[in-house]
Structures are given as C-alpha cells and as structure tokens.
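Please read the structure below before turning to the comments.
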Amino acid sequence: MKLIKYIKPYIIFAFLAPLSMAGEVMIDLLQPKLMSTIVDDGVLGSNMDLIIKTGITMLILIIFGGICGVASSAFAGCASQGFSRDLRNDVYKKVMSLSFQQTDKFTTGSLVTRLTADISAVQQLVDFSLRMFVRNIIMFAGGIVMMLSLNVSFGKIIAVALPVQVVIVLLIIRKANPLYTIVAGKLDTVNSVMQENVTGARVVKAYVREDYEAGRFNDANVSLMESNLKVQKLVAILQPLLMVVMNVSVIVVIWIGGLQVQAQEMQVGQVMAAITYLTQILHGIMMLSMMFQTVSRASASAKRINEVLETEPVITDGKGDHTLGEKGTVSLRNVSFSYADASGRPVLTEISLDIKAGENIAILGATGSGKSSLVNLIPRFYDPTQGEVLVDGVNVRNFTLNDLRSRIGIVLQKSELFSGTVADNIKWGDFEASDEAVRKAADIAQASEFVLTMPDGFDNPIAEKGASLSGGQKQRLSVSRAVLKQPEILIFDDSTSALDLGTEAKLRQGLRKSLKGTTVITIAQRIASVKDCDRIAVLDHGRLVGCDTHDNLMKTCEVYKDIYSSQQGAGSVVNG
C-alpha cells in the first residue's frame with residue numbers, strides 16, 4: 001500500500017501494539033489448559049489446594065492479559081490516529097495546491113468524502129491490523145497447536161472445517177469487494193447534492209424548489225442505501241455460514257471426545273479444553289473474514305485517496321530566477337485560452353494588452369466575453385494555452401506562486417467570507433496588520449458605516465459564508481482586505497456590482513487617494529462605473545476589439561457604443 005509511509009513516524013507504537021496483543025492472546029490460550037487441570041485433577045481428583053492455586057494463577061494471568069489488551073489498544077490508537085492526521089493533512093495540502101479545473105474535476109462533494117470517510121476507513125484498517133489481525137492470527141495458529149497437543153485426532157476436524165470456512169470467506173469477499181467502490185461513489189453524490197443545497201439555500205427557497213431538491217437528495221440517498229444493502233446482504237450471509245461450520249465442528253469434537261473418554265484415552269477436562277480451542281480457532285477465522293471486509297472497504301478508499309495524492313498540480317512554482325522590471329506593470333502577449341472541459345473552444349483569442357504601472361484600467365464586455373478568464377491568468381489561477389502573461393516585466397510562469405500572488409490583490413466576483421470576526425476577515429489581507437490599519441482599510445472600502453452599527457463593531461462575529469450580511473456588505477469587506485494588503489496590482493472582478501453608484505463612487509475616490517501608484521484593473525458591467533478610468537478594454541467573444549478612453553471608444557468602437565446605448569436605454573426606461 002502506497003500509504004504505508006504514513007505509519008513510519010509511529011513505528012514504535014506500531015511495534016508495541018501487536019507485541020502487547022500477543023501477550024494477551026498467549027494468556028488466553030493458556031486458560032483452557034489451566035481449566036482442564038482444575039476439572040481433571042482438582043474437581044475429579046478432589047484436590048482443593050490445586051483448585052485454589054490454579055484459580056489464583058488464572059486470575060493473575062487474566063489481570064496481566066487485561067493490561068496487555070489495554071496497552072495494545074492505546075498503542076494502536078496512537079499509531080492509527082497519527083497516521084490519519086498526517087494523511088489528512090497531506091491530502092488537504094494537495095487539494096489546496098490543485099488548480100480550479102482540477103478541483104472541479106473531482107467535485108467538492110467527492111473531495112470532502114475522501115478527506116473524511118475514506119481516510120477514516122483506512123485509519124480503521126490500520127487500527128484493526130495492529131490489534132485484531134495479530135490477535136486472530138496468533139489465536140488461530142496457537143489454538144491449532146494447543147488442540148493437537150491434547151489429541152492428534154482432532155487435527156482431522158480442523159483439516160476439514162478450515163478449508164470450508166476459507167472457501168466461504170473468499171467467495172463472499174470476492175463478490176463484495178467491487179461493491180465498496182460503488183458505495184464510495186454513491187456517497188460522493190449524496191455529499192455533492194447536500195453541499196449544493198446548503199450553499200444555494202437562498203436560491204432554492206426563492207424559487208420554491210425545496211420539494212424538487214428534497215426529491216433529488218432522496219434519489220441520491222436511496223441509491224446509496226441500495227448499494228449499501230447489496231454489500232450488507234453478502235456480509236449477512238457470511239457469518240451464519242461460518243457459525244454453522246463452527247457448531248458442526250464442535251459437535252464432532254464432543255462426539256470424538258466422548259468416545260475417547262469412554263475408552264479412557266482422554267479426560268473430561270481435556271475435551272472441554274479441546275472444544276474451547278476449536279471455538280477459538282474457528283472464531284479467529286470468522287474475525288479474519290471481518291478483517292477482509294475492512295480491507296476491501298479500505299482498499300477502495302485508499303485508491304480514491306491516492307488519486308488525489310498522485311494528481312500533479314497543473315499550476316506549479318516557477319524557478320524564481322528573474323530580474324524584475326517596473327513594478328505594477330501587466331502585459332498580455334498574443335494570449336489565447338480555453339478551458340480543459342470546453343472541447344478546445346477558445347475563451348480568449350490572441351489578446352495583446354499592455355497595462356502601465358499605476359494605471360486605472362477597466363475591462364468591459366458582454367456576459368461570456370472572457371473578462372474573468374482574462375484576469376484569472378494574471379495571478380495564475382489558470383495558464384494561457386498560447387502566448388504569455390507578464391507581471392513586472394517577468395513571465396508569470398517564472399515566479400513562485402507565493403511571490404506572484406503576494407504582489408496582487410484580487411476581489412472576486414463572488415465574495416467569500418469565513419467564520420470569525422469582521423476584523424479576522426479583513427486581516428486576510430495582512431494577518432500582522434494593526435487595528436488602526438484594519439479600520440482605515442474599512443473606511444476606504446466604505447465598510448465602516450455598517451460595521452460600526454454592529455453590536456461588537458469589528459469584533460462582531462460573522463456567520464458561516466457571511467450569511468448574516470447583505471451582498472453589498474460582503475463585497476465591501478472583501479474590498480477592505482484587498483486594500484489592507486497594499487498590493488502592486490489590484491483586480492476587481494465585477495466585485496462592486498451590489499453597490500449603488502453613490503457608494504461605488506466614494507469607494508473609487510478612496511482607492512485613488514490611498515493607493516496611489518497601484519495598478520487597478522476593474523471588470524465591470526456598468527459603463528457608468530468605469531467611464532472615468534484611464535482606459536477601457538473592450539472584449540467581444542474573447543477578442544480585444546478596443547482599448548482607449550471612454551470618449552475615444554464612443555467614436556471608434558461599435559461594440560462599446562452598443563453597450564453604452566443599451567445601458568442608457570435601460571436607464572431611461574428605469575428613470576421614466
């Protein structure tokens with residue numbers, strides 16, 4: 001198993017756990033022998049001293065065995081929990097290193113399942129392997145040795161019963177093994193539907209689609225249940241069949257033992273011991289069969305975990321050996337881009353654009369024209385399929401990701417907030433920032449006016465994903481943390497759409513005063529929001545069709561004039 005390396009830091013615990021378990025099992029194997037002595041030599045021999053001495057010996061051994069059992073559980077727990085913690089950390093780091101297109105390929109629900117249920121299944125296998133697997137193997141082998149030491153003829157019973165049990169186990173496990181992979185996939189679907197409905201709860205309620213989504217969840221849930229039932233039905237057959245074999249074997253031992261006692265070739269206590277040993281042997285096989293189920297489930301989970309760990313990030317660090325040009329410049333040279341799942345259809349086509357340091361430039365275009373795709377190339381959320389993107393005169397592929405992204409502040413189209421206080425969310429821009437810097441950033445972003453009305457101000461807690469805030473409030477907090485970062489390049493990806501024009505105008509005025517020298521790139525839908533920018537780049541179906549001031553574009557760019565006319569017309573209708 002490729003994941004075995006995660007047990008190496010806990011190898012001492014992984015060694016002590018089976019060693020302690022071996023001590024417990026050896027004591028368990030001695031008990032039937034001692035009990036045989038009590039029955040044959042003590043009870044039937046009327047030797048009370050022997051009964052007392054042997055009984056005390058058994059009690060001391062049981063206490064020692066219990067200590068060994070507790071120690072084994074503790075050691076196995078330390079090893080398995082440490083194993084799962086390290087593995088979960090590495091899978092999480094890998095997920096965070098993947099590009100957007102790679103995480104979309106796995107789906108959020110599937111990644112959550114792999115980080116939780118799948119890792120728990122592998123952890124359970126480690127724990128069982130260090131304890132129960134060792135226990136049952138030693139019990140199985142030791143029971144055979146002890147049983148044969150009582151009477152060699154019992155070996156015939158073992159020779160018949162064991163192969164029957166082994167064949168039953170292998171047949172059942174062979175059928176059940178592929179079903180565990182199916183169950184994991186069904187669980188992915190349930191988690192994905194749940195995740196979609198929790199994050200999109202407002203839309204579901206707004207469109208009165210609760211019943212539809214409840215039906216969709218029920219379909220996924222029923223499908224998971226049916227897949228689980230198929231596995232459980234197979235497992236349900238296994239144990240009764242093994243019990244039948246074990247009970248028939250016990251009957252045969254009693255029959256043969258009774259004949260041996262009548263012939264005075266064995267004693268009653270030895271027959272009792274033989275029955276106990278046979279039960280231990282066959283019970284060990286039953287427990288091993290349960291282990292095989294755990295192995296099957298964990299194997300399917302391990303395969304899914306390895307799929308994540310073995311996925312190489314598409315976006316990786318550059319060498320970092322470069323000489324910087326003028327800070328704050330951005331250049332796109334003959335850039336084309338298409339998404340991996342878009343059948344090669346280009347989203348951007350042969351775009352060349354130079355943005356000067358400190359310039360305030362807007363990117364405008366119809367929905368689907370490629371505006372967000374273009375700015376996503378600057379911090380390397382994606383790489384262009386053709387051409388190159390330069391920041392500070394250096395190809396972005398040559399930067400380390402931390403170095404590149406530390407130069408860029410970005411306010412995304414969808415405002416993402418996290419559980420914590422208002423100040424915690426703003427400090428994503430700079431975790432070392434002072435309270436005064438946080439307040440100043442909020443002032444610039446026009447966020448202070450609503451933050452200070454909260455009961456605890458900047459220490460007021462924010463609900464998960466900012467559910468307690470309006471769209472405009474979330475956008476202003478997102479702008480605040482970008483301002484706090486004091487980046488060379490600041491990108492607004494249609495991130496002021498929920499603000500009224502008055503608030504947006506104040507925000508832009510504050511930005512101009514506080515971020516002098518910062519290059520600002522703004523994606524906007526409203527010309528009124530960006531008409532005062534130094535330049536406006538106009539996109540149409542992924543192509544750059546114009547880049548100039550508002551006044552010049554009104555004279556030279558038909559696409560821009562059409563957008564302006566449509567917005568002016570809409571404004572007239574509204575105003576009228």
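The values are calculated or read from the model by the stated rules, or taken from the named source; none is laboratory data. Keep in mind the model is a prediction, meaning the values are calculated, not measured. Please note: Cβ atoms are built from the backbone with ideal geometry, for glycine as well, and neighbour counts cover all protein chains shown. Ligands, DNA and RNA are stripped out before the accessible areas are found, and what is left, the full protein with its side chains, is counted by its heavy atoms. Shrake-Rupley method; radii C 1.70, N 1.55, O 1.52, S 1.80 Å.
Would you mind stating whether SER80 is touching a Pro at 6+ places or on another chain (Cβ under 9 Å), in a helix (DSSP H, G or I) and crowded, with 16+ Cβ neighbours inside 10 Å? Answer is no for this residue. Pairing each residue of segment 292-304 that is assigned to a helix (DSSP H, G or I) with any residue that is crowded, with 21+ Cβ neighbours inside 10 Å and among the charged types (D, E, K, R), provided the two are 6+ apart or on different chains, yields C-beta distances under 7 Å for SER301/ASP118; ARG304/ARG114; ARG304/ASP118. Residues of segment 23-49 that are of a type outside the set (D, E, K, R), assigned to a helix (DSSP H, G or I) and open to solvent by 50 Å² or more (accessible area, probe 1.4 Å): MET26, LEU30, MET35, VAL43, MET48. The sole residue among GLN509, GLN525 that is free of Cβ contacts under 8 Å to residues at least 12 places away in the same chain and either open to solvent by 10 Å² or more (accessible area, probe 1.4 Å) or on the phi > 0 side of the Ramachandran plot (or both) is GLN509. Here ALA117 meets the list (1) under 24 Å from HIS283 (Cβ atoms); (2) open to solvent by 20 Å² or more (accessible area, probe 1.4 Å); (3) touching a Ser or Thr at 6+ places or on another chain (Cβ under 8 Å) almost entirely, failing just condition (1).
Filtering segment 353-400 to residues that are open to solvent by less than 30 Å² (accessible area, probe 1.4 Å) and assigned to a helix (DSSP H, G or I) leaves LYS371, SER373, LEU374, VAL375, ASN376, VAL396.
Checking LEU170, LEU148 one by one, the residue that is under 24 Å from GLN293 (Cα atoms), in contact with a Phe, Trp or Tyr (Cβ under 9 Å, 6 or more places away or on another chain) and open to solvent by 40 Å² or more (accessible area, probe 1.4 Å) is LEU170 and no other.
Applying the criterion of at least 1 residues that are modelled with pLDDT under 80 to the helices (runs of 4 or more DSSP H) found wholly in segment 468-570 leaves 471-485, 501-514, 527-530. Going through segment 197-234 one residue at a time, which ones are in contact (Cβ under 8 Å) with a residue 24 or more places away in the chain and either open to solvent by less than 80 Å² (accessible area, probe 1.4 Å) or more than 30 Å from LYS175 (Cα to Cα) (or both)? Hits for segment 197-234 are THR199, PHE217, ALA220, ASN221, SER223, LEU224, SER227, ASN228, VAL231, LEU234.
Being within 19 Å of VAL250 (Cβ to Cβ), in a helix (DSSP H, G or I) and either in contact with a strand residue (DSSP E or B) (Cβ under 8 Å, 6 or more places away or on another chain) or modelled with pLDDT of 80 or more (or both) is the requirement here; does ILE157 meet it? Judged against the criteria, ILE157 is not a match.
Within segment 173-196, restricting attention to residues that are within 30 Å of HIS283 (Cβ to Cβ) and free of Cβ contacts under 8 Å to residues at least 12 places away in the same chain, the residue that is most open to solvent (accessible area, probe 1.4 Å) is ARG174. Do we find that VAL391 is among the β-branched types (Val, Ile, Thr), touching a residue at least 12 places away in the same chain (Cβ under 8 Å), closer than 20 Å to HIS541 by Cβ and out of contact with any Cys (no Cβ under 7 Å at 6 or more places or on another chain) in this structure? The answer is no for VAL391. From the list LYS53, LYS8, the one residue that fits, being open to solvent by 90 Å² or more (accessible area, probe 1.4 Å), of a type outside the set (Gly, Ala, Ser) and either touching a Leu at 6+ places or on another chain (Cβ under 9 Å) or closer than 30 Å to THR311 by Cα (or both), is LYS8.
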